[in-house]
1. Residues of the stretch 127-140 being open to solvent by 30 Å² or more (accessible area, probe 1.4 Å) and over 27 Å from the mean Cα position of the chain (by Cα), which ones?
2. Restricting attention to the stretch 147-169, does a residue exist that is closer than 21 Å to residue 306 by Cβ, of a type in the set (S, T, N, Q), touching a residue at least 24 places away in the same chain (Cβ under 8 Å) and in contact with a strand residue (DSSP E or B) (Cβ under 8 Å, 6 or more places away or on another chain)?
3. Could you pull out the residue among 279, 304 that is assigned to a helix (DSSP H, G or I), of a type in the set (Gly, Ala, Ser) and farther than 20 Å from residue 354 by Cα?
4. Restricting to the stretch 146-174, name every residue that is among the basic types (Lys, Arg) and either outside any loop (DSSP other than H, G, I, E, B) or farther than 19 Å from residue 135 by Cβ (or both).
5. Looking only at the stretch 141-155, how many residues end up being of a type outside the set (Gly, Ala, Ser) and surrounded by fewer than 23 Cβ atoms within 10 Å (Cβ to Cβ)?
6. It is to be established whether one or more residues within the stretch 99-112 are closer than 23 Å to residue 332 by Cα, modelled with pLDDT under 95 and surrounded by fewer than 22 Cβ atoms within 10 Å (Cβ to Cβ).
7. Looking at 350, 312, 337, 343 in this structure, which one is closer than 18 Å to residue 410 by Cβ, of a type in the set (Asp, Glu) and open to solvent by 10 Å² or more (accessible area, probe 1.4 Å)?
8. Hey, among 542, 512, which residue is open to solvent by 70 Å² or more (accessible area, probe 1.4 Å), modelled with pLDDT under 85 and in a helix (DSSP H, G or I)?
Amino acid sequence: MLLNSGRFALRMSVASIDAVLPEDEDTVTFADLGLPEPVVRKLAQNGVTIPFPIQAATIPDALEGKDILGRGRTGSGKTLSFGLPLLTRLTGARTERKRPRGVILTPTRELAMQVSDALQPYGDVLGLKLKVVCGGTSMANQITALERGVDVLVATPGRLRDLIGRGSCSLEDVEVAVLDEADQMSDLGFMPEVTELMDQLPEGGQRMLFSATMEKEIDTLVRRYLVTPVVHEVDAAQGAVTTMSHHVLVVKPRDKAPVTSAIASRKGRTIIFVRTQLGADRVAEQLREGGVGADALHGGMTQGARTRTMADFKDGKVNVLVATDVAARGIHVDNIDLVLNVDPAGDHKDYLHRSGRTARAGLSGTVVSLALPHQRKQIFRLMEDAGVDASRHIIGRGDVFDEEVTRITGARSLTEVQAEATANAAKQAEREAAKLSRQLERAQQRAAELREESERLTARAARERGDDPDAAVAEASAALTAEVEADVQRELRREQRREVREQRDREQRDHREQRDQRDQREQRDQRRDGRRDDRGGDRGDRRDGGRPAYGRDRDRPRGDRREARPSYNSYNRERREGDRPGFRRDDRRPSSSYGRDARSHDDRRPHGRRDDHRGGGRSFDRRTDKPRWKRNG
């Protein structure tokens with residue numbers, strides 16, 4: 001085993017060196033990698049001509065059918081590295097119903113959808129069908145698609161296992177299987193499902209495993225399912241990126257929310273990461289209340305809501321996305337130049353995956369982490385494990401808009417954001433006013449044209465009758481003007497009545513609110529006075545050694561109250577003298593067992609059979625004192 005591990009490490013080192021050699025980086029094109037012409041042409045249409053290092057290193061070996069173990073940071077182009085060879089190898093064969101020939105396993109729904117979206121254009125040019133199979137979506141739709149035949153399944157482990165258990169899918173014909181983000185599958189506890197699915201694959205097929213980090217958990221999958229894999233690694237083991245800058249802002253607890261709002265108010269797309277789902281909803285709501293367009297994204301949302309949120313973020317309808325770690329690897333949006341960690345990441349791997357949302361495809365980006373004073377050591381230890389060098393900035397009250405912090409984060413005050421929002425609202429109102437003005441001009445022009453037409457027809461009708469046309473036109477014009485004036489006056493009176501009614505309603509509402517507030521104050525005062533009376537006056541009685549009185553005897557001296565109420569000892573003494581347990585023979589206090597009146601026990605519950613029930617009915621048991629029923633005869 002040690003020998004195999006040494007060979008594995010040696011192959012990884014050699015492949016890593018070959019992958020990062022820059023001699024052919026600027027000259028190699030996708031056409032040189034052996035991809036089909038339709039795929040190369042579609043890549044050119046999408047503006048993709050020069051492959052990334054991991055693509056240039058992986059695609060030739062994958063096209064030859066070799067098992068691949070690839071490592072590249074998030075945003076390095078791993079999807080096309082395994083997707084294009086997979087589609088190329090499946091071209092030209094027929095897929096049976098319920099039996100896909102290619103499977104791509106991903107840990108999250110968002111990642112599955114984004115992998116499918118990235119590969120679908122190239123599958124279309126090759127005549128291959130792709131289908132996303134994940135939780136939160138319609139299983140009936142997925143079953144129907146499998147019935148018709150699907151060439152490549154992009155699936156999450158749980159939903160794929162459910163479909164196999166229902167008999168709607170079989171992996172017996174899978175030729176190429178890919179594990180994407182295998183380390184996150186291990187972190188999320190999907191390894192039992194993954195191994196169960198991998199065990200169902202036929203022998204002799206191609207296996208490819210891609211991940212952003214290589215941890216010890218991945219070695220089990222490699223040794224169990226990959227046969228002499230070719231290893232390609234294009235980034236350092238800790239995933240440092242030269243185009244990404246890391247910063248830690250040390251803030252006080254009271255300043256954390258204002259600093260978050262100030263940074264979120266920046267121009268551009270921002271992703272904010274928090275620990276919990278409730279935290280994501282809370283931060284997003286606070287930002288919206290401050291005038292910042294923000295939405296939350298976490299696993300507790302329905303798939304439809306998550307899809308709409310991602311679409312709004314991609315389309316620019318909202319500039320801030322508040323997400324949890326579970327959704328970190330499923331977010332692929334271009335031009336994200338800032339990642340803000342409001343809550344510290346759980347470990348260095350989560351930090352790297354959070355950071356991987358920015359500085360994608362060679363672009364620059366900034367990662368900012370907020371740290372409370374007691375979290376400084378934890379966060380800097382996390383940075384050290386992640387292999388990044390972060391600068392530290394201590395933020396005090398009033399320093400949120402320090403020149404250096406503003407330069408790093410682009411933070412803006414909420415007042416500035418609200419002023420900008422108000423200016424935008426004013427511009428929108430002006431546009432609406434201009435639109436209404438144009439509509440008014442067109443309406444007035446149309447009214448003038450109609451009036452001219454009416455006068456012309458009125459004059460013609462008068463000439464046909466033999467009347468004076470000018471007099472008829474003048475009479476009709478006067479009548480029309482009077483009618484319009486009457487309509488205007490009626491509308492003005494109606495508007496005045498409406499304003500009076502609204503004013504009266506507002507006054508009544510204000511009066512009711514004042515009355516309710518006055519009643520509430522009076523009720524509080526009454527309850528407070530009542531509690532003071534129940535305590536027996538002021539607190540001076542207690543300081544004198546007295547005891548607050550309760551009930552109707554509160555004005556009676558303490559000694560009289562003690563004599564008026566029988567003591568527990570006297571009650572026990574009477575029981576020892578011969579009374580039945582639980583009953584009293586005096587009228588001073590009702591029995592504790594029944595407590596309804598002061599009648600004797602013989603009057604309340606007769607023992608034995610009563611004279612008027614000799615023929616049957618209810619009697620009482622002397623031992624349990626419970627009624628029992630006897631049948632007549």
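1. Scanning the stretch 127-140 gives 127, 129.
2. yes
3. 304
4. 148, 159, 161
5. Qualifying residue count for the region: 7.
6. There is no residue in the stretch 99-112 that is closer than 23 Å to residue 332 by Cα, modelled with pLDDT under 95 and surrounded by fewer than 22 Cβ atoms within 10 Å (Cβ to Cβ).
7. When all the criteria are applied, what remains is 337.
8. 542
The values are calculated or read from the model by the stated rules, or taken from the named source; none is laboratory data. None of the values given here were measured: they were computed from a predicted structure. Note that each Cβ is placed from the backbone with ideal geometry, even for glycine, and that neighbours are counted across all protein chains shown. Note: areas computed on protein heavy atoms with side chains; ligands, DNA, RNA excluded. Shrake-Rupley method; radii C 1.70, N 1.55, O 1.52, S 1.80 Å.
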